[in-house]
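First the structure, in the form of structure tokens, and then the observations on it.
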Amino acid sequence: MKRSKRNRKSDMKTGRGIFLLLLLASFLASAGAGFFYYKEKFAFESSFIAEIESRHALAEQIKKKKTDMRLYDADKHISETESTQVLRKDTMLVVAEDIIRKQVKPYSVRLLDLYMDREGIVYIDFGDELRKNFHGDTLEELNILAGLFREMKAAVPGFKALKILIEGREAESFGGHVDISKPIGEEIAEKI
């Protein structure tokens with residue numbers, strides 16, 4: 001009995017399908033085996049995770065040691081503490097960030113950005129929650145600003161003034177009592 005052309009074509013299609021499935025399965029198996037074989041050779045340590053861990057360790061160390069410590073030399077931009085841990089400029093911002101979070105913690109405020117310019121002005125960008133969640137009087141608003149200024153001055157070398165932004169924009173006030181449209185300097189610390 002002869003096979004018809006139609007049967008031969010369907011047998012060929014079935015054979016090709018099986019061949020393609022076997023080819024695909026062997027590719028996936030070899031790719032999986034290659035992944036597990038070379039995984040150790042291409043593994044790397046994330047500097048991001050190591051930096052986060054060092055920031056937390058440094059913040060804890062600074063909290064324990066409340067002495068006057070220079071975070072960097074103006075000439076070298078880095079110095080070493082007694083524990084031989086190297087402190088960098090961005091470490092100052094971590095310390096400043098901890099100070100800020102401590103001062104505004106009762107108001108559940110997001111810290112959006114923090115940086116220091118060449119003139120020594122530290123810019124703090126808060127979320128709009130500061131306006132919404134702050135319901136204090138003039139004295140409480142002055143205490144927050146003066147506390148931020150004093151602690152930053154003690155912890156960050158080269159710090160001269162503080163500029164508060166809300167959602168990336170300048171604001172007149174966050175509580176309606178104290179003008180924050182200009183950088184805040186020594187005059188705020190003298191009021192309290």
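Each value in this text was obtained by applying a stated rule to the coordinates, not by laboratory testing. Because the structure is a prediction, the values reported are computed rather than measured. We place every Cβ from the backbone using ideal geometry, glycine too, and count neighbours over all the protein chains shown.
Ranked highest first by the average count of other Cβ atoms within 10 Å around their residues, in what order do 99-111, 148-160, 13-25 fall? Walk me through the intermediate numbers first.
Values: 99-111: 15.5, 148-160: 17.5, 13-25: 10.0.
Output ranking for 99-111, 148-160, 13-25: 148-160, 99-111, 13-25.
Semi-axes of segment 146-192's equivalent ellipsoid from the Cα gyration tensor, sqrt of 5 times each eigenvalue, largest first, rounded to whole Å?
On the way: eigenvalues 72, 34, 13 Å².
That gives 19, 13, 8 Å for the three semi-axes.
Considering the convex hull of the alpha carbon atoms of segment 88-129, report its projected area averaged over all viewing directions, in nm², one decimal. Could you put the intermediate results ahead of the total?
Values: hull surface 11.9 nm².
Projected area, direction-averaged: 3.0 nm².
Between beta-carbons, use under 12 Å as the cut-off and find the net charge around Glu170, counting Lys and Arg +1, Asp and Glu -1.
Working: positive: Lys163, Arg169, Lys182; negative: Asp125, Glu167, Glu172, Asp179.
Surrounding charge for Glu170 is -1.
Where does each of 118-126, 52-60 land if you order them by average Cβ count within 10 Å, highest first? Don't skip to the end; give the middle numbers.
Working: 118-126: 16.8, 52-60: 13.8.
The densest-packed peptide leads the list: 118-126, 52-60.
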query: Dipole size in debye (nearest 20) for segment 96-139 around its Cα centre, Lys and Arg Cβ +1, Asp and Glu Cβ -1?
result: 200 debye
